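Undergrad: This is the structure, below, for whatever I ask next.
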Amino acid sequence: MDYIFIDKTVKTSIYKQIASSIKDAIDGGRLTYNDRLPTEKEICEVFDVSQTAVKMAYQQLIDQAMIKRIKGKGTFVTNRSLYHQDLMNVYHFEFQPENEIKDIMFACVDDEYIINRMLKMEKEDTFFVIHRIVKSHQAPLLYQHIYLPEKMYPKLKKKYTPNTGVFSLIQDLYPYKIHHIQNTFSPAIASSAEAQLLHILPGEAIYLIRSQIFDSEERVMGYIVNYFPGEFSSFEVTVHAKP
């Protein structure tokens, strides 16, 4: 609560000072998504102000979509923008300079049946896996797993630069060109680990978008699994009718 400052000697309304203090704390990163705010009673007791002023301050921030009330739980920060994109152009986020890519794991793995099948690899083949978080304005936009067959990316560990977009990784480090991408879309429920990485609550809705990346010879150059927070993501599909 130390991010709230009230000066009772100025003419600025108390509720505006409370709202401005909380807004500044959110904008400055002291408060982030899902942080719990103090109750109206707690603010009244600490600052000796009326409950009406606190209600007005919270309502102003609710109207600005910066906080939300959850019945029986409290008031929480909810300042996250919505990622809206056509499903065929889902990787648009890679080309936005304001977005931050942060790798959290790099490994070489073998004998994972589903991944081998999606990469069209032999059972004994190995593949690289990269786990990463993509953030937009400090909030997680998605959690991503990237799988690349080792035989197509020799010496990747030496060439690999962390936090590089997957398209740059495939087409700039190696002589490959992406011909097309096949996406599948499905809803799911966030596990506790996924919820922690996406800054949502366990059990909340997420979207899974799985992508196979092909070259002109129909070889699978990579397989990607994207986890998007459901409340802050929306996708559309454009259907073109044949004449």
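The values are calculated or read from the model by the stated rules, or taken from the named source; none is laboratory data. As the structure is a computational prediction, the values presented were derived from the model and not from experiment. Counting neighbours? That spans all protein chains shown, and the Cβs are built from the backbone with ideal geometry, glycine included.
Undergrad: Within segment 78-111, how many residues are of a type in the set (A, V, I, L, M, F, W, C), within 14 Å of the chain's Cα centre (by Cα) and over 30 Å from Asp125 (Cα atoms)?
TA: Here the count works out to 2.
Undergrad: Quick check on segment 211-238: of everything there that is assigned to a helix (DSSP H, G or I) and out of contact with any Ser or Thr (no Cβ under 8 Å at 6 or more places or on another chain), which residue is modelled with the lowest pLDDT? Steps first, please.
TA: Filtering segment 211-238 for residues assigned to a helix (DSSP H, G or I) gives 230-232.
Pick out the ones that are also out of contact with any Ser or Thr (no Cβ under 8 Å at 6 or more places or on another chain) and you get 230-231.
Numbers: Gly230: 92, Glu231: 86.
If we take residues in segment 211-238 being assigned to a helix (DSSP H, G or I) and out of contact with any Ser or Thr (no Cβ under 8 Å at 6 or more places or on another chain), then Glu231 is modelled with the lowest pLDDT.
Undergrad: Among the residues of segment 176-206, what is the count of those that are in a strand (DSSP E or B) and surrounded by 14 or more Cβ atoms within 10 Å (Cβ to Cβ)?
TA: Restricting attention to segment 176-206, the residues satisfying the condition of being in a strand (DSSP E or B) are 180-189, 205-206.
Still in the list and also surrounded by 14 or more Cβ atoms within 10 Å (Cβ to Cβ): 181, 183, 185, 205-206.
Of the residues in that region, 5 qualify.
Undergrad: Go through segment 126-175 and give me each residue that's part of a loop (DSSP other than H, G, I, E, B), touching a residue at least 12 places away in the same chain (Cβ under 8 Å) and under 17 Å from Val109 (Cα atoms).
TA: Residues satisfying the conditions are Tyr153, Tyr160.
Undergrad: Here's another thing I want to ask about it. Limited to segment 198-210, what total is found for residues that are in contact with a Ser or Thr (Cβ under 8 Å, 6 or more places away or on another chain) and at pLDDT 95 or above? Don't jump to the end; show me each part of the working.
TA: So in segment 198-210, the residues in contact with a Ser or Thr (Cβ under 8 Å, 6 or more places away or on another chain) come out as 199, 202, 207-210.
Right, trim to at pLDDT 95 or above and you get 207-210.
Here the count works out to 4.
Residue-by-condition table, conditions (1) over 26 Å from the mean Cα position of the chain (by Cα); (2) assigned to a helix (DSSP H, G or I); (3) surrounded by fewer than 16 Cβ atoms within 10 Å (Cβ to Cβ); (4) free of Cβ contacts under 8 Å to residues at least 40 places away in the same chain:
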site: Met1; (1), (2), (3), (4): yes, no, yes, no
site: Ile4; (1), (2), (3), (4): yes, no, no, no
site: Ser20; (1), (2), (3), (4): yes, yes, no, yes
site: Ala53; (1), (2), (3), (4): yes, yes, no, no
site: Leu61; (1), (2), (3), (4): no, yes, no, no
site: Phe76; (1), (2), (3), (4): no, no, no, no
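Undergrad: Could you tell me whether any residue of segment 105-116 is among the aliphatic types (A, V, I, L, M) and part of a helix (DSSP H, G or I)? First the steps, then the outcome.
TA: Looking only at segment 105-116, we keep the residues that are among the aliphatic types (A, V, I, L, M), and these are 105, 107, 109, 114-115.
Narrowing the set further to residues that are part of a helix (DSSP H, G or I) leaves 114-115.
Yes: segment 105-116 contains one or more residues that are among the aliphatic types (A, V, I, L, M) and part of a helix (DSSP H, G or I).
Undergrad: Go through (1) exposed (fewer than 15 other Cβ atoms within 10 Å of the Cβ); (2) modelled with pLDDT under 90; (3) in contact with a strand residue (DSSP E or B) (Cβ under 9 Å, 6 or more places away or on another chain) one by one and return the number of the condition Leu169 breaks.
TA: (1)
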